[in-house]
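The values are calculated or read from the model by the stated rules, or taken from the named source; none is laboratory data. Being a predicted model, the structure only gives us computed values, none of them experimental. As a convention, Cβ positions derive from the backbone with ideal geometry for all residues, glycine included, and neighbour counts pool all protein chains shown. We work out accessible area using only protein heavy atoms, side chains counted, and drop any ligands, DNA or RNA first. Shrake-Rupley method; radii C 1.70, N 1.55, O 1.52, S 1.80 Å.
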Amino acid sequence: MTGTSSAVTEEVRGRASVRAVAARTAGPGRAAAWARRAPLMPALVFMVVVTQLPFVATLVISFMDWNALYPDRRGFTGLTNYADVFGDADLRASVLTTVWLTAGVVLVSLVLGLGLALLLDRRFRGRGLVRTLLIAPFLVVPVASALLWKHALYNPEYGLFNGALTWLWQLFGSERPPQPDWITSMPLGAVGASLVWQWTPFMMLILLAGLQSRSTEAVEAARVDGANAWQVFRFLTLPHLRRYLELAALLGSVYVVQNFDAVFTLTSGGLGTANLPYTIYESFYKAHDYGRASAAGVVVVAGTIVVATLALRLVSTLLKEESS
Amino acid sequence: MSAVAAPGARRRRSASLWGLVAWAAALLFVAPIAWMVLTSLHSETDAATNPPSLGAGLTLDGYREFFGAATGAGPWPALVNSLTASLASTLLVLALAIPAAYTLSIRPVRKWSDVLFFFLSTKMLPAVAGLLPVYLVAQNLGLLDNVWLMVLLYTSMNLPIAVWMMRSFLAEIPVAILEAAAIDGAGLPAVFRRIVIPVSAPGIAATSLICFIFSWNEMLFARVLTGVRSVTAPVFLTSFVTSQGLFLAKVCAAAVVVSLPVLVAGFAAQDRLVQGLSLGAVK
């Protein structure tokens, strides 16, 4: 919710001043321009106040020595917090964790979502019901889903996974089923699997919408010309789905990169699963080191701006397609 | 005759095969939820067995425990707080987003795409980076543990997405209708009341649904900024596990109850959900 994609806002600001000059010279046009803009203002002002001002505060605090546990020491320290942040191995590790977790979850759920969307695009009995069932994981409250995975599925003693293994092994007369401790043996995979389960339906819904907006005529024509299923998919369906795949990946990344609930609930950031949101939460909420948490926050924002600029450029091509 | 019919029959057989695959996938995806519901209906001893006890007797004890037969107030304040925060912020989002989207789509101001990008850019940056100043400001203003603070924050969280969604829905309104209204002398409020809102009602419904779901689900801000009086359902859910040890049936019952409003709303309006999630890109 915080921060600025500075390049974008700078551009807006620069052009706004040009426009202000133009309006002043134009005279009577000015009031009309403001009337035109008026319905936009409440939302714009709200967003600036609630998201940009806190970020400016974060920026200021990041240059301060401010730990709530030592109130006497408060003061400006320059770049100390930033040096700490970049020298902190835990934080560097959590950057890597965030990248892995986000990229992995988005890619896997995108591929699974594409497969499911292609299945649902066919006619079969009970298709509506299947879609309804597939949406469900996305609708379960994330914390509830994390609790479900941790306690009812992954638990090594009475979780469903190991219970199913016991049951299967007993079926073949074995008394010694494997009983892995899922979270301990593959912590990042365990967190990732629960997130893939949650986000695959989201990807599927967007891609299904894309498939259903495709014209059937081109597909029929290709079939008549003797194209096989793979060729239709590769040369017609996939190019048509491109913008939907991009939209799904973009929105999915926006939410998965900020994931807090699954990491907090499943592992409490242990075993190398602490991602950036969790690490910052810890240094602020548990260690009360405000200065350092803010510096980490600023670094995260700077990193995100780079990624976001690329993503926004991608969206802007979508908008150009729309207006042309 | 049979030679002509054969490809059709083969296609039908492969269609039913893909149907089976889809059904298998759906059952696999829904299995954890089915397991959660089943566990919530077991007694604590039946819930914690290995291998799983599918045939055990069903009981509502987990739900009775959750609703606090023993602990007094139970989850009601948390559920009411979540409902207040989600509904109020959804209304506020609509009040701000519809006029903004109108300006960005129907009467575009210059550089409208820059403004649109500004909205989206706020969504791309990690919420956690603004958490501390919000906490400090709230502390100084005495707004900590106040459900209305959550309303404001959830509004800022959902406003960008709502502006984007509403913009693409409003862009569908034929300009001719609006021009006709303007010629008839309708002012902006009348245009909104008579045309914009009725015509875009399905889009408004989709936007509201998505804002409601994201507000209801939010936990990071709620965890840091709410307390005794304003605790929301997701935070209540986590505190519930740590403070009382693990009672699997009770935890599952709690998870079912907290997820139920979103599940019901989502199932009831799944077409709108699809439309909303693709940001109105699909008609």
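So which residues in the range B:118-147 are more than 8 Å from chain A (Cβ to nearest Cβ) and of a type in the set (S, T, N, Q), if there are any at all?
Correct list: B:Gln139, B:Asn140, B:Asn146.
Within the set of pairs 6 or more residues apart or between chains, which connect a residue that is at the interface with chain B (Cβ under 7 Å from one of its Cβ atoms) inside the range A:116-135 to a residue that is not in a helix (DSSP H, G or I) with Cβ atoms less than 9 Å apart?
A:Val130/A:Phe124
Does the range B:221-280 hold any residues that are more than 14 Å from the chain's Cα centre (by Cα), facing another protein chain (nearest Cβ under 7 Å) and part of a helix (DSSP H, G or I), and which are they?
B:Val224, B:Leu237, B:Thr238, B:Val241, B:Leu248, B:Val251, B:Cys252, B:Ala255
Note down all Cβ pairs under 9 Å where the first residue falls in the range B:44-58 and is over 14 Å from A:Trp167 (Cα atoms) and of a type in the set (Asp, Glu), the second is part of a loop (DSSP other than H, G, I, E, B) and open to solvent by 40 Å² or more (accessible area, probe 1.4 Å), and they're at least six residues apart or on different chains.
B:Glu44/B:Phe247; B:Asp46/B:Gly57
Just for the range A:253-296: of the residues that are aliphatic (A, V, I, L, M) and open to solvent by 30 Å² or more (accessible area, probe 1.4 Å), which one is nearest to the chain's Cα centre (by Cα)?
Filtering the range A:253-296 for residues that are aliphatic (A, V, I, L, M) and open to solvent by 30 Å² or more (accessible area, probe 1.4 Å), the one nearest to the chain's Cα centre (by Cα) comes out as A:Val257.
Under the condition of being facing another protein chain (nearest Cβ under 10 Å) and open to solvent by 40 Å² or more (accessible area, probe 1.4 Å), which residue from the range B:32-48 is nearest to the chain's Cα centre (by Cα)?
Only one residue tops the list, namely B:Ala34.
Look through A:Val99, A:Val95, A:Val85, A:Val130 and report the one residue that is among the β-branched types (Val, Ile, Thr) and farther than 23 Å from A:Gly297 by Cα.
None of the other options fit; the residue is A:Val130.
Check A:Arg243, A:Arg234 and return the single one that is open to solvent by 20 Å² or more (accessible area, probe 1.4 Å) and facing another protein chain (nearest Cβ under 9 Å).
On inspection, the qualifying residue turns out to be A:Arg243.
Return the pair list, or none, for Cβ contacts closer than 8 Å from residues in the range A:207-218 that are away from chain B (no Cβ under 13 Å) to residues that are part of a helix (DSSP H, G or I), at least 6 apart or on different chains.
A:Ala218/A:Leu236
How do the pairs read when you match residues in the range A:280-307 that are more than 8 Å from chain B (Cβ to nearest Cβ) with residues anywhere that are open to solvent by 10 Å² or more (accessible area, probe 1.4 Å) and in a loop (DSSP other than H, G, I, E, B), using Cβ under 6 Å and keeping only pairs 6 or more apart or on different chains?
A:His288/A:Ala68; A:His288/A:Leu69; A:Gly291/A:Trp66
With at pLDDT below 90 and touching a Cys at 6+ places or on another chain (Cβ under 9 Å) as the only criterion, which of B:Gly8, B:Gly72, B:Gly62, B:Gly55 stands out?
Result of the check over B:Gly8, B:Gly72, B:Gly62, B:Gly55: B:Gly62.
Does the range B:47-67 hold any residues that are touching a Ser or Thr at 6+ places or on another chain (Cβ under 6 Å), under 14 Å from B:Leu246 (Cα atoms) and not aliphatic (A, V, I, L, M), and which are they?
Listed by number, the list holds a single entry, B:Gly62.
Output the residue which, of all residues in the range A:88-111 that are part of a helix (DSSP H, G or I) and over 17 Å from the mean Cα position of the chain (by Cα), is nearest to the other protein chains (Cβ to nearest Cβ).
For the range A:88-111, the residue satisfying everything is A:Leu91.
Is it the case, given these coordinates, that A:Leu53 is more than 9 Å from every other protein chain (Cβ to nearest Cβ), part of a helix (DSSP H, G or I) and either open to solvent by less than 60 Å² (accessible area, probe 1.4 Å) or without any contact (Cβ under 8 Å) to a residue 12 or more places away in the chain (or both)?
no
Filter the range A:138-182 down to the residues that are at the interface with chain B (Cβ under 8 Å from one of its Cβ atoms), surrounded by fewer than 22 Cβ atoms within 10 Å (Cβ to Cβ) and assigned to a helix (DSSP H, G or I) and list them by number.
Those that are at the interface with chain B (Cβ under 8 Å from one of its Cβ atoms), surrounded by fewer than 22 Cβ atoms within 10 Å (Cβ to Cβ) and assigned to a helix (DSSP H, G or I): A:Ala164, A:Thr166, A:Trp167, A:Gln170.
So, in the range B:202-220, exactly how many residues are open to solvent by 10 Å² or more (accessible area, probe 1.4 Å) and not in a helix (DSSP H, G or I)?
Summing the residues that are open to solvent by 10 Å² or more (accessible area, probe 1.4 Å) and not in a helix (DSSP H, G or I) in the range B:202-220 gives 1.
For the range B:50-65, which positions are within 13 Å of chain A (Cβ to nearest Cβ) and open to solvent by 40 Å² or more (accessible area, probe 1.4 Å)?
Correct list: B:Asn50, B:Leu54, B:Gly55.
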